[in-house]
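Worksheet for the structure shown next.
Just so it is clear, none of the values below were taken in a lab; they were calculated from the coordinates. If you're wondering where the values come from, they're calculated on a predicted model, not measured in any experiment. Cβ coordinates were reconstructed from backbone atoms using ideal geometry, including for glycine residues, and neighbour counts include every protein chain displayed.
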Amino acid sequence: MKRAQADRKKPDPGAEAFAEGVRLLRRNPAFAALRADVCRTEECTTAPPDGWAVADSNGTLHVNPRRRAEPEEWAWALAHCLLHLGFGHLPSAGGTRTQPDAYQAAARCAVVNRFLATFPVGRAPVALPQEYPGGDEEELAARWRRDGLPAVDAAGTAGTAERDQLLVEWRGYGQPDDWSAAFAAALTRTMSAAMDRAGGRIDAATGERLPQRPWNRALNWFVSSYPLLGGIAAGLTVVADAELARAHDIAVAAVNAEAAEIYVNPLRHYSDEEWRFILGHEILHAALRHGERRGGRDPFLFNVAADYVINGWLLEMGVGEMPDGLLHDPQLKGLSAEEVYDRIARDQRRIRRLATLAGKNRPDILGEQLGAPRDYVDLDDFYRRGLQQGFELHQRERGLLPAGLVEEIRALAHPPLPWDARLARWFDEFVPRPEPVRSYSRPARRQSATPDIPRAGRYHPEEEVPRCTFGVVLDTSGSMDRTLLGKALGAIASYAAARDVPAARVVHCDAAPHDAGYLPVEEIAGRLRVHGRGGTVLQPGIDLLERAEDFPPGAPVLVITDGECDVLRLRREHAFLVPRGAGLPFTPRGPVFRMT
């Protein structure tokens with residue numbers, strides 16, 4: 001008697017593993033909302049004899065009591081059955097039910113497994129494919145009726161039985177349960193809670209909702225209600241750290257497009273409308289890539305020019321309310337940031353006293369990340385795609401935009417040509433190709449078929465060949481990078497050879513000019529020996545070419561420099577080839593090609 005009582009009190013490992021699996025499943029709010037019954041008894045005749053569980057349309061999970069599995073495997077099997085209910089595979093209804101055939105049941109299992117691969121719960125106790133076929137249940141079922149049923153894709157929880165889904169007559173009271181609506185509502189609540197937790201709106205430890213700061217409300221407003229900038233706002237992070245703002249002298253806000261972060265000073269108090277304007281200001285700085293477009297211009301002056309343009313657009317679009325003290329001048333309406341820069345650069349003493357959102361004489365477009373490093377994708381593609389998609393949505397829902405902003409968005413949608421392609425176009429425009437002429441004074445070789453018919457021959461006139469040339473003024477100072485020189489000279493030699501240019505006049509410049517004379521274009525990048533490597537004075541080299549008697553007076557000159565040179569006084573337009581990000585200490589007359 002005592003031995004029998006002891007045997008009854010002995011724990012059942014299988015039952016304990018199953019109970020732990022149920023607890024793992026109920027931790028997920030989406031599955032916990034589906035209040036299905038569980039039948040795990042020896043008397044249950046619906047449970048699969050060699051599987052894990054079967055679900056019926058009354059919301060009962062029939063579990064095999066003899067099956068042994070780990071808690072993670074039970075959680076996966078029960079989640080699989082509940083998803084059949086949540087996906088509407090087992091709708092509740094009265095009367096006689098028609099069971100799905102093997103292909104339909106297998107297609108539903110494949111769709112459920114595909115969902116569980118992205119919404120993991122537990123661990124699958126069966127072999128699953130690495131990739132799942134596309135299409136919904138009906139498409140998969142039709143395909144498999146035609147091509148045959150794959151065993152792995154159709155894995156369910158009924159073991160070797162035909163199906164783990166059972167349609168039965170409704171036996172409850174009142175209206176049948178709507179499992180799909182209950183699951184959809186629970187899934188929405190779960191995803192919203194996860195997004196709130198990731199966005200810092202819910203305390204990860206306690207689960208309590210945190211008070212939302214005004215800058216976060218402003219960022220969420222862009223994501224939910226302003227499609228033009230919503231896509232970009234969703235990819236940016238607001239960093240509100242008073243110590244960080246104090247250490248880097250950020251008065252109100254600043255942005256780093258490379259890190260996809262907006263830094264705000266949480267000690268500044270503004271209304272929600274004013275925070276919308278501030279964040280919209282920084283979002284446009286990042287989206288329009290003002291940090292990249294600055295080039296060799298003064299960082300603060302170009303920042304001020306961009307502020308004038310952006311603030312005017314935001315006022316015209318009615319985004320928030322502009323705080324006091326921000327830069328705005330109605331007379332600059334319709335101008336680009338580059339055009340405004342050219343105007344304000346004449347009065348730098350007054351402009352230096354102005355302030356951006358980062359503070360007085362400080363740019364709010366940051367060139368370095370202030371926080372911890374993070375991984376990010378192709379930034380140009382991210383900002384360009386975000387603005388383009390937002391522009392399309394804005395046109396459908398919100399109406400008109402400032403003309404200047406529309407032009408910049410369209411310009412971003414069509415990136416500029418690479419420097420080497422622009423250089424090739426410059427050769428096409430300014431370096432003429434020697435054109436042969438025909439003359440009977442230079443007869444052609446007669447064809448063998450008609451030796452008695454004279455034909456005109458082709459030749460290049462002597463006055464034509466010298467005209468088809470150009471000059472190269474090469475900065476060979478110590479600051480010039482050898483790799484940069486090689487890349488520039490290689491591109492020049494390639495384009496000159498493609499245009500049949502016989503030779504080019506090359507002048508090396510450091511502290512004094514060194515005339516290399518006319519060189520065949522194939523030798524410009526190959527056996528060219530660079531002299532000098534001293535200081536940088538380019539004006540004597542320009543004067544040498546412009547005054548040389550054997551150099552055509554209208555031939556173009558290409559100046560290759562790193563920008564650390566003297567101020568050039570030019571008589572006519574010349575082209576300049578400089579590294580990306582470098583500036584020239586003078587206003588160039590002619591195109592500037594920036595090498596990457």
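Some notes on this structure:
- The stretch 52-120-the stretch 258-294 distance, computed between alpha-carbon centres (Å): 49
- Rg/Rg_globular for the stretch 224-307, with Rg_globular taken as 2.2 N^0.38 Å and Rg from C-alpha atoms: 1.10
- Long-range tail of P(r) for the stretch 467-595 (Cα pairs > 21 Å, %): 32
- Stretch gain in nm, segment Asn220-Arg350, where the contour uses 0.36 nm per residue and the Cα spacing is subtracted: 43.1 nm
- Extension gain, Glu16-Thr188: 0.36 nm per intervening residue step, less the Cα-Cα distance, totals 58.8 nm.
- Cα convex hull of the stretch 250-369, projected area averaged across orientations, nm²: 7.0
- Derived value for the stretch 12-187: Kirkwood hydrodynamic radius 16.3 Å. Basis is the mean of 1/r over every pair of different alpha-carbon atoms.
- Most to least packed among 12-23, 550-561 [average Cβ atoms within 10 Å]: 550-561, 12-23
- Cut-off 20 Å, label 7 Å out along Cα→Cβ of Ala511, residues of the stretch 471-490 by amide N: 474-481
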